[in-house]
Amino acid sequence: MAEAKKIIAWLNKNSSTQIVTDEALIGGAAIDEHNNPLPEETLKKAKAADAVLLACIGGPKWDKVAFDIRPEAGLLGIRKEMGLFANLRPAIVFDELAEASTLKKEVVAGLDILILRELTGGLYFGKPAGIDTLPDGTRRGYNTLEYTTPEIERIARLGFELAMKRGKKLCSVDKANVLQSMIMWREEVVKVAKDFPEVELSHLYVDNAAMQLVRNPKQFDVMITENMFGDILSDCASMLTGSLGMLPSASLGAEVDGKRMALYEPVHGSAPDIAGKGIANPLAMILSLSMMLKYSLDMGVEADKLENAVKKVLSQGYRTADIMQDGMKKVSTSEMGEAILKALEEV
């Protein structure tokens with residue numbers, strides 16, 4: 001986040017648009033200060049903003065807090081309260097990083113996938129959910145995977161709209177062979193498809209989709225899927241790019257009166273083992289900022305400029321520890337941020 005803030009300051013100095021920023025606590029820091037992972041003041045500021053840029057929210061320090069106030073409850077809560085039903089997770093392999101992937105270069109070179117994860121329904125939010133103790137002392141844990149027609153219809157429609165702007169291919173991922181809720185998911189997606197005859201629609205069970213992502217990922221363009229499935233598949237797809245530290249995301253709500261609630265964050269979560277060491281990769285956050293410029297602030301030119309700066313820095317051989325390759329220049333978090341600022345002056 002510190003590196004993203006430097007770039008915002010640079011943009012304010014070098015573009016016609018002024019980005020006014022404010023800060024608020026969420027997750028572990030908010031628990032420490034307010035005993036609440038999502039204070040009302042934070043939520044109020046988030047809803048009033050044109051966009052939210054979110055840093056990581058947890059760590060082992062808060063592992064023992066009550067389940068309903070764990071840091072992750074703040075993340076799930078802000079998504080729910082802002083109505084952020086669609087999580088856009090691009091998996092793009094920069095040419096300069098094709099060798100950094102654990103897969104063969106020819107498998108991942110040129111990869112450009114957009115995974116669209118439904119964010120406010122499914123297994124993470126279905127009711128009932130809980131842990132009960134039965135009369136004989138046996139414990140029973142349960143969650144519910146549920147969806148309504150409108151929830152599926154809106155994520156499918158957005159997926160088709162995005163596919164129309166890309167390669168006109170959409171793959172819907174479900175588990176319709178064993179789950180009734182996923183049978184309904186597939187049926188509703190097929191209905192929406194009738195409004196987009198130019199888009200090639202396919203269906204995959206989630207286990208097969210996971211296999212195909214590492215076998216032949218370039219067969220995909222846009223993928224849409226249930227909340228938990230999307231959580232898992234997008235993390236899997238991240239390793240195609242060489243590092244989880246490279247992937248941005250955007251979480252979007254419905255457009256109301258010309259305004260769409262939006263939150264931007266790196267796909268990676270917190271990494272307590274390297275916290276404070278100055279070695280984390282800031283590019284996922286910087287690219288999340290680029291998505292924010294493009295989708296929320298009508299600063300497409302600046303977004304392209306920032307993405308080109310990232311490509312330039314990578315082509316110059318700068319690497320944080322997670323994407324380090326032989327013969328490259330190993331840099332710290334702040335040094336990578338400074339390199340991006342320098343590149344912005346040149347691109």
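The values are calculated or read from the model by the stated rules, or taken from the named source; none is laboratory data. As the structure is a computational prediction, the values presented were derived from the model and not from experiment. Cβ placement follows ideal geometry from the backbone for every residue including glycine, while neighbour counts extend to all protein chains displayed. All accessible areas refer to the heavy atoms of the entire protein, side chains included, with ligands and DNA or RNA removed. Shrake-Rupley method; radii C 1.70, N 1.55, O 1.52, S 1.80 Å.
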Do you know which of the residues in segment 325-339 that are touching a strand residue (DSSP E or B) at 6+ places or on another chain (Cβ under 8 Å) and without any contact (Cβ under 8 Å) to a residue 24 or more places away in the chain is farthest from Lys6 (Cα to Cα)?
-> Met328
In the set Gly58, Gly74, the lone residue that is in a helix (DSSP H, G or I) and within 22 Å of the chain's Cα centre (by Cα) is Gly74
Within the bounds of segment 112-125, is there any residue that is under 30 Å from Val20 (Cβ atoms), over 13 Å from the mean Cα position of the chain (by Cα) and crowded, with 21+ Cβ neighbours inside 10 Å?
-> yes
Within segment 54-77, track down each residue that is in contact (Cβ under 8 Å) with a residue 40 or more places away in the chain and crowded, with 19+ Cβ neighbours inside 10 Å.
-> Leu54, Cys56, Ile57, Gly58, Pro71, Gly74, Leu75
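Consider segment 78-96. How many of its residues are part of a helix (DSSP H, G or I) and either surrounded by 21 or more Cβ atoms within 10 Å (Cβ to Cβ) or under 16 Å from the mean Cα position of the chain (by Cα) (or both)?
So the answer is 4.
Suppose we keep only residues that are farther than 14 Å from Ser243 by Cα, out of contact with any Asp or Glu (no Cβ under 7 Å at 6 or more places or on another chain) and of a type outside the set (A, V, I, L, M) within segment 313-329. Which one would you say is most open to solvent (accessible area, probe 1.4 Å)? Walk me through how you get there before you give the answer.
Residues of segment 313-329 farther than 14 Å from Ser243 by Cα: 313, 315-318, 326-329.
Next, from what is left, pick out any that are out of contact with any Asp or Glu (no Cβ under 7 Å at 6 or more places or on another chain): 313, 316-318, 326-329.
Next, only the ones that are of a type outside the set (A, V, I, L, M) stay: 316-318, 326-327, 329.
Working: Gln316: 71, Gly317: 7, Tyr318: 61, Asp326: 153, Gly327: 80, Lys329: 99 Å².
Going through the qualifying residues, I end up with Asp326.
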Just for segment 139-161: of the residues that are of a type in the set (D, E, K, R) and touching a residue at least 40 places away in the same chain (Cβ under 8 Å), which one is least open to solvent (accessible area, probe 1.4 Å)?
-> Glu151
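Tell me, yes or no, whether segment 11-34 has at least one residue that is touching a strand residue (DSSP E or B) at 6+ places or on another chain (Cβ under 6 Å) and open to solvent by less than 20 Å² (accessible area, probe 1.4 Å). Write out each step before concluding.
Within segment 11-34, the subset touching a strand residue (DSSP E or B) at 6+ places or on another chain (Cβ under 6 Å) is none.
No, segment 11-34 has no match at all.
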Would you please name the residue that is farthest from Ile274 (Cα to Cα), looking only at residues in segment 36-53 that are outside any loop (DSSP other than H, G, I, E, B) and touching a residue at least 60 places away in the same chain (Cβ under 8 Å)?
-> Lys47
